[in-house]
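Shown next, in structure tokens, is the structure this report addresses.
The values are calculated or read from the model by the stated rules, or taken from the named source; none is laboratory data. This is a predicted model, so every value here is computed, not measured. So basically every Cβ, Gly included, is an ideal-geometry build from the backbone, and we count neighbours across all protein chains shown. Side chains are part of the model used for accessible areas, which takes the heavy atoms of the whole protein and leaves out ligands, DNA and RNA. Shrake-Rupley method; radii C 1.70, N 1.55, O 1.52, S 1.80 Å.
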Amino acid sequence: MALEELLAALTHEAEAEAERFRAEARAETAALHAAAERKFESERDAALGVQGTEQEGALQMALAAARLEARHAVLQAREEVLDRLFLALQGACPAAVERQGYRDSIPPRVARALACFDVSEPVILTVPATLAEAAHAATSGEPRVTVVVADDAGSGLRFASSGGAVEVADTLESGIARNRASLARAGLQALGLAR
């Protein structure tokens, strides 16, 4: 199962969470826009009471500052929504690797990762306990591979040469980190917050 399919499955599972994020983000964005509009109107009204070229310049600067402040608040709110979305996505990773589709993808993942190492080099494969059996089965024909079970292995497979010179992280977390920008765009689009 490709990373994209796993991420799609995780995204589908997090649909309820995403709907909550959408509602919160829309409400927060509406509140920020309303506050910025009120501030803009107030500053404009105050500035319009003052006359002259000097005052016009002050008005323009005040308007620009208000717009900048509003844009900053909107961007910060979007970043907070993305942080919550990525936390939910990360939280769903351990359950995703327990799916049969992910387990079926382990042998090709092992083969791709081992191609990164010298054929005579011993390799340490670190996995979470839930993947130990599948990892042992996938590496049974590879005497150079030692499977190590570790609680901090992440959700997937971590390969390292015995000397640590070469490392390959094939975990859902590392895939999310590598694809954060495109996932953020897709998440904002799904939440209706994309520009």
note = Apart from one, (1) within 16 Å of the chain's Cα centre (by Cα); (2) free of Cβ contacts under 8 Å to residues at least 60 places away in the same chain; (3) open to solvent by 60 Å² or more (accessible area, probe 1.4 Å) all hold for PRO94; the odd one out is (2)
request  = Give the residue, chosen from SER174, SER161, SER140, that is small (Gly, Ala, Ser) and closer than 30 Å to VAL74 by Cα.
outcome  = SER174
remark   = Screening VAL145, VAL81 for residues that are closer than 30 Å to ALA27 by Cβ, buried (at least 19 other Cβ atoms within 10 Å of the Cβ) and among the β-branched types (Val, Ile, Thr) leaves only VAL81
task = Kindly list, by first and then second residue, each pair from a residue in the range 156-180 that is under 17 Å from PHE86 (Cβ atoms) and in contact (Cβ under 8 Å) with a residue 60 or more places away in the chain to a residue that is assigned to a strand (DSSP E or B) and open to solvent by 70 Å² or more (accessible area, probe 1.4 Å), limited to pairs with Cβ atoms under 8 Å and residues at least 6 apart or on different chains.
result = THR171/ARG158
key: Residues of the range 134-155 classified as free of Cβ contacts under 8 Å to residues at least 12 places away in the same chain and under 24 Å from GLY91 (Cβ atoms), total   = 1
task = Could you tell me whether any residue of the range 52-64 is touching a strand residue (DSSP E or B) at 6+ places or on another chain (Cβ under 9 Å) and in a helix (DSSP H, G or I)?
result = no
